[in-house]
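This report concerns only the one structure given below.
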Amino acid sequence: MRYGTLVTLSFVASMFSSAAMGSSIKFGTALAPIQSAGQPGTGWSSIEFDLDTHDMLIRVGFTGLRGNSSAATVNGPTASPNTGSADAMTALPSLAGFPLGVHSATYEHLFDMDSASSYNPAFLNNAANHGDVVLAFNSLVTALTDDKSYLDLKSTQLSGALKGFYKVVPPTPESTSLAAGGLLLALRRRR
């Protein structure tokens, strides 16, 4: 095989594997105490966007929270990646249906990001988003992609709050391998 053919096959395989994974993007984070002095709380969160339907699936699990959970929001964008604080981008006072008044819980909710009610009104109507849900959706995804967004899980005790900056979760090697394998099998059958 020639070098040009290999480059072309690699390029086509990467396009094929992206298409096979669907048009979604995933983010994840570990939650840690904002003030770590004796805080036993831990947790995790993931966000998955369907870029075709603009649905956002949020999952959260936490345990050992000092005080009771009082609110949870996705905040951003911060001025710098992985540090700082920012206002909520998602609806206030908390994510819809989030378990409040507990020390430990799990949560899963699907949000329609084409609905204005999924956003904090201040974020939706800021100078960048102009009240447009499409612009707000793009700003939210950009903040997550740029490591400038975090889950803010508030507690009835200030020292009990948890926070974690989201990171892009890369596609699994299995999904990429399966897609590339399918492409090579299809090319082999053409011969």
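None of the figures in this text is laboratory data; all of them are computed from the coordinates on show. None of the values given here were measured: they were computed from a predicted structure. Virtual Cβ from ideal backbone geometry, glycine too; neighbours counted across all protein chains shown.
Length available on full extension from residue 79 to residue 63: 0.36 nm per residue minus the Cα-Cα distance, which gives 2.8 nm.
If you add up the charges near residue 148, with Lys and Arg at +1 and Asp and Glu at -1, over every other residue whose beta carbon is less than 15 angstrom from its beta carbon, what do you get? Spelling it out: positives minus negatives among the neighbours equals -2. Structural descriptor for segment 37-83: relative contact order 35 percent, calculated from alpha carbon pairs under 8 angstrom and at least 6 residues apart.
With K and R counted +1 and D and E -1, the other residues having a Cβ less than 14 Å from that of residue 136 yield a net charge of -4. The distance linking segment 48-94 with segment 98-138 is 9 Å (Cα centroid to Cα centroid, whole angstrom). Within the shell of other residues whose beta carbon sits under 15 angstrom from the beta carbon of residue 87, the net charge comes to +2, with Lys and Arg scored +1 and Asp and Glu -1.
Straight-distance candidates among the lysines for linking to residue 167, with alpha-carbon spacing under 16 Å and chain neighbours fewer than 8 residues away dropped: 26, 148. With contacts taken as Cα pairs under 8 Å at a separation of at least 6 residues, segment 34-164 carries a relative contact order of 33 percent.
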